[in-house]
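Step one of this worksheet: look at the structure below.
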Amino acid sequence: MQKELNKRILYHFIPSEYLDDKWQKGNDFIIDNSHNSFIKEFETEKPMLTHNNKDLYDLCDLAFDNKLTREQLFDLKTLIQQYLSNQPIALREYIFEKVRITEFPNYISRKHCLFLTDVNSVKHWDCSLNTCEKVLFKLEVSGIAFIGHDCLIPSNELSIEQQEQQARYYWQNKLSMCSNKKYDDREYLFQGHVKVLRKI
């Protein structure tokens with residue numbers, strides 16, 4: 001469901017590594033189609049994966065030449081794990097965007113939005129995003145948001161066809177397809193004016 005928001009209080013989790021000067025109390029800014037969300041790192045043909053200032057591809061070259069130190073071997077393992085964990089997310093987001101463009105073109109893209117949540121769903125997202133260090137911000141927003149639910153986001157174990165169907169359920173907001181009947185897992189795909197009220 002997509003709707004207009006006017007001075008609505010919502011919340012945003014941001015990984016600590018992506019914090020910049022705009023996330024200061026009192027700052028305001030616009031999120032529009034030029035904004036690129038977390039999936040930007042998956043869009044390049046050859047993603048730059050580094051760990052301890054070492055590049056995945058350089059480490060692979062050293063491995064083939066049998067010249068890896070123990071530390072470099074650990075770095076290579078870390079990078080491969082990172083790459084493999086990111087690929088299902090990249091595929092899922094590609095499927096979301098494909099279904100949106102072809103069937104729901106008027107909805108806000110997950111690629112070009114700020115992901116927000118409301119006060120009732122903060123706890124859910126705090127637990128769901130527990131794999132990264134993050135900061136929570138309280139915001140005042142005015143603009144347009146698509147309101148979706150985490151329970152409708154497809155699992156990585158599903159086939160591509162099943163993920164496409166699940167993406168349709170997400171864009172249609174078919175909550176009857178959720179096993180969780182509490183629905184305290186809202187995510188707002190937002191575009192518009194953002195004012196930073198405070199860091200929590």
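The values are calculated or read from the model by the stated rules, or taken from the named source; none is laboratory data. It should be emphasised that the depicted structure is a prediction, and the values quoted were computed from it without experimental measurement. Neighbour counts are summed over all protein chains in view; Cβ atoms, including those assigned to glycine, are modelled from backbone coordinates with ideal geometry.
Just checking, which of Asn36, Asn120, Asn106, Asn66 is at pLDDT below 90, more than 14 Å from the chain's Cα centre (by Cα) and part of a loop (DSSP other than H, G, I, E, B)?
One residue alone meets the criteria, Asn66.
Report, by residue number, each residue of segment 1-33 that is outside any strand (DSSP E or B) and more than 17 Å from Arg110 (Cβ to Cβ). Even if it seems obvious, please write down each step before you answer.
Our first condition is that a residue be outside any strand (DSSP E or B); within segment 1-33, this holds for 1, 16-27, 32-33.
Matches in segment 1-33: Ser16, Glu17, Leu19, Asp20, Asp21, Lys22, Trp23, Gln24, Lys25, Gly26, Asn27.
Those residues that are under 21 Å from Leu129 (Cα atoms) and crowded, with 18+ Cβ neighbours inside 10 Å, I need them from segment 167-181; list them, please.
Those that are under 21 Å from Leu129 (Cα atoms) and crowded, with 18+ Cβ neighbours inside 10 Å: Ala167, Tyr170.
Kindly provide the set of residues from segment 123-148 that are surrounded by fewer than 19 Cβ atoms within 10 Å (Cβ to Cβ), in a helix (DSSP H, G or I) and hydrophobic (A, V, I, L, M, F, W, C), ordered by number.
Listed by number, the list holds a single entry, Cys127.
Given the criteria polar (S, T, N, Q), out of contact with any strand residue (DSSP E or B) (no Cβ under 9 Å at 6 or more places or on another chain) and not in a loop (DSSP other than H, G, I, E, B), does Gln165 qualify?
For Gln165, the condition - polar (S, T, N, Q), out of contact with any strand residue (DSSP E or B) (no Cβ under 9 Å at 6 or more places or on another chain) and not in a loop (DSSP other than H, G, I, E, B) - is met.
Exactly one of these conditions fails for Gln82: (1) outside any helix (DSSP H, G or I); (2) at pLDDT below 85; (3) within 23 Å of Ile153 (Cα to Cα); (4) touching a strand residue (DSSP E or B) at 6+ places or on another chain (Cβ under 8 Å). Give me its number.
For Gln82, the failing item is (1).
Quick check: is even one residue across segment 149-162 among the acidic types (Asp, Glu), free of Cβ contacts under 8 Å to residues at least 40 places away in the same chain, farther than 25 Å from Arg8 by Cα and surrounded by 14 or more Cβ atoms within 10 Å (Cβ to Cβ)?
Scanning segment 149-162, I find no residue that is among the acidic types (Asp, Glu), free of Cβ contacts under 8 Å to residues at least 40 places away in the same chain, farther than 25 Å from Arg8 by Cα and surrounded by 14 or more Cβ atoms within 10 Å (Cβ to Cβ), so the answer is no.
Taking the stated definitions as given, is Leu116 touching a residue at least 40 places away in the same chain (Cβ under 8 Å) and closer than 21 Å to Glu17 by Cβ?
Criteria met by Leu116.
Determine the pairs where a residue that is surrounded by 12 or more Cβ atoms within 10 Å (Cβ to Cβ), located within segment 67-84, has a partner that is at pLDDT 70 or above and in a loop (DSSP other than H, G, I, E, B) with Cβ atoms under 8 Å apart, the partner being 6 or more residues away or on another chain.
Leu76/Leu68
Can you pull out the residues in segment 149-158 that are within 14 Å of the chain's Cα centre (by Cα) and in a helix (DSSP H, G or I)?
Asp150
Checking the structure you have, find out if any residue of segment 90-106 is of a type in the set (Gly, Ala, Ser) and either closer than 19 Å to Phe190 by Cα or free of Cβ contacts under 8 Å to residues at least 40 places away in the same chain (or both).
no
Filter segment 182-200 down to residues that are acidic (Asp, Glu) and closer than 14 Å to Phe13 by Cβ and give me whichever is surrounded by the fewest Cβ atoms within 10 Å (Cβ to Cβ).
It comes out as Asp185.
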